[in-house]
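A quick write-up on the structure given underneath.
The values are calculated or read from the model by the stated rules, or taken from the named source; none is laboratory data. Being a predicted model, the structure only gives us computed values, none of them experimental. Because the Cβ atoms are built from the backbone with ideal geometry, glycine has one as well, and the counts that use them run over all protein chains shown.
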Amino acid sequence: MKQKLTTFLLALLVFSSLLLTYRLWYGHHPSRQVEPLDEKVPEKVFFELPRPLEDTITPERILVESGDGDGFYLLRYGQENFNLAWEEISLALQALTKYEYRARESLGETGAGLKIWFNPPLPVGAGTPWLQEDRYRELAKLELWLDGEESWAILQEKSGGDAMALKLPGRLATLFGEAAFADSTPYILLAPELPDTVLSDRLSGGEELVVPLSPPVLPELVLVQENLDRESLVDAFFVDRNLVRKIQEKAGAVIYTDGTKGLRIKKGMEFSDPIREKSLTPLAYLSALNACNKYICSYGGWPAELRLKQLIIHSEDGYRVGRACWEYYWKGYPLVGSNPALSLVFTSSGLVEYCRLVYTVRSLGERLYQVASWSSALEEATDFYDRLYGETSPPALEAIDLVYYVKGGPSYQPVAVPAWQVIINGKQILLQAEDLTPFEGGDQ
């Protein structure tokens, strides 16, 4: 009898063990909500909603031919004429529902009255606000031609191929009124064919570069760093503050981390989430553009003076990675420095790196700079390039522009001073606009 009882108990134990094991593996597990002792888990913070796509991409530059045909007006981000011209072209492309194409050659010798360069490229076609019912592609350049009473847009794709002419609604003649450019600086065409007198034996020409006909006088700019609420930043990057540790560095920086990602705030901010950098999923350009828009608006916001300068998608160690950066503009002049105002790295898995140090213009400085001539700046930049690299074959002149260079002023007050930015064979050279001395670290 005792032996039977022992056998029964053992069998019962084995059965209960099997039953509990089954329930552990396959049973229903009700979720549990664990409430913190003293505070609630905050909702995710967004500084602002993402912009509409039509406000995300803007041209790199717009070139308008003057009425006499002997010069040009250069329009860049932050200028009133730039905003008006791009808005009119953008709305025309958005409103178009009937697409009439021609070969470019059929327009004859009319010539382009306005040229627009896009960097990053402009997505048009299905899924975009522009040419919504047409095929999808990405434009690197658009030329506006006037043929009698008709307006035609010559569309040049980033991928190359033959450019086609698309008929636009209306004449868009208001874009070429001389009165609209009464206060603008006239420019002249420098390249693609460099004049014989301009270092033609030492440089090869670039694509339709223009330079100011008369050097302007430009003021120094007094800058101030943007002020973002630190607690809101932490809440934006970390959903659950209960998991976040705060570390104070001796150098004054503050680090927030939850063990997988980190946010460092001192002079500007740096965010890193390395676990997201390994993604094999492809990144489409339009998806990447929307992601950039979401990230900058969510984490600090998108000031009106910031322009998306670059968006590239490439492979790193077999993984698909997107990189983007923004520049701050003041009345058509970009503020450049050792690093862009804002940059980020991302994959299809999410944000990997985010760096932000944005200066805004507080006031005009007391000093005025008489800008040296473009020819003197180009000669000095070429000499500087030759001293550094000493190439035998003529290098390519890719860009020459007037910009503002950000540096520390008296008592560490940040200022921006006028500068000539010359890019030769991919190398950036920054010269003080008045005396043409190279800035320290001005070759990149």
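Residues that are surrounded by 14 or more Cβ atoms within 10 Å (Cβ to Cβ) and either more than 30 Å from the chain's Cα centre (by Cα) or aromatic (Phe, Trp, Tyr) (or both) were ranked within segment 360-375; the one that is farthest from GLY268 (Cα to Cα) is TRP374. Of the residues making up segment 292-313, those that are in contact with a Pro (Cβ under 6 Å, 6 or more places away or on another chain) and either of a type in the set (S, T, N, Q) or surrounded by fewer than 17 Cβ atoms within 10 Å (Cβ to Cβ) (or both) are ASN293, LYS294. Against the criterion of being under 21 Å from the mean Cα position of the chain (by Cα) and at pLDDT below 90, GLU88 does not qualify.
Select from segment 314-357 the residues that are part of a strand (DSSP E or B), touching a helix residue (DSSP H, G or I) at 6+ places or on another chain (Cβ under 8 Å) and surrounded by 18 or more Cβ atoms within 10 Å (Cβ to Cβ) and list them in ascending order.
As a first pass, look at segment 314-357 and keep what is part of a strand (DSSP E or B): 314-316, 319-330, 333-336, 342-347, 350-356.
From what's left, touching a helix residue (DSSP H, G or I) at 6+ places or on another chain (Cβ under 8 Å): 322, 324, 326, 342, 344, 346-347, 350-352, 354.
Listed by number, the residues that qualify are GLY322, ALA324, TRP326, LEU342, LEU344, PHE346, THR347, LEU351, VAL352, TYR354.
Sub-6 Å Cβ pairs linking a first residue in segment 334-347 that is closer than 18 Å to ALA304 by Cα to a second residue that is surrounded by fewer than 19 Cβ atoms within 10 Å (Cβ to Cβ) and among the basic types (Lys, Arg), at least 6 apart or interchain, number zero. Evaluate the following for LEU397: is it touching a helix residue (DSSP H, G or I) at 6+ places or on another chain (Cβ under 7 Å) and surrounded by 18 or more Cβ atoms within 10 Å (Cβ to Cβ)? When the stated conditions are applied, LEU397 does not pass them. Of all the listed residues (GLU231, GLU249, GLU270), the sole one being among the acidic types (Asp, Glu) and either in contact with a strand residue (DSSP E or B) (Cβ under 6 Å, 6 or more places away or on another chain) or in contact (Cβ under 8 Å) with a residue 24 or more places away in the chain (or both) is GLU270.
Kindly state which strands (runs of 3 or more DSSP E) lie completely within segment 169-248 and contain at least 2 residues that are farther than 21 Å from ILE423 by Cα and modelled with pLDDT of 90 or more. Spell out the reasoning first.
Values: elements: 186-189, 210-212, 217-225, 245-248.
Per the criteria, 217-225, 245-248.
When you scan segment 343-351, do you find a residue that is among the aliphatic types (A, V, I, L, M) and closer than 18 Å to PRO120 by Cα, even just one? Yes, segment 343-351 contains at least one residue that is among the aliphatic types (A, V, I, L, M) and closer than 18 Å to PRO120 by Cα.
Taking the stated definitions as given, is GLU379 out of contact with any strand residue (DSSP E or B) (no Cβ under 7 Å at 6 or more places or on another chain), among the acidic types (Asp, Glu) and either farther than 20 Å from THR185 by Cβ or not in a strand (DSSP E or B) (or both)? Let's see the steps before the verdict.
Details: out of contact with any strand residue (DSSP E or B) (no Cβ under 7 Å at 6 or more places or on another chain): yes; among the acidic types (Asp, Glu): yes; either farther than 20 Å from THR185 by Cβ or not in a strand (DSSP E or B) (or both): yes.
Yes.
Restricting attention to segment 81-127, the residues that are closer than 22 Å to PRO52 by Cα, in a helix (DSSP H, G or I) and touching a residue at least 24 places away in the same chain (Cβ under 8 Å) add up to 12.
Of everything in segment 91-118 that is buried (at least 16 other Cβ atoms within 10 Å of the Cβ) and under 14 Å from ILE57 (Cβ atoms), the residue that is nearest to the chain's Cα centre (by Cα) is PHE118.
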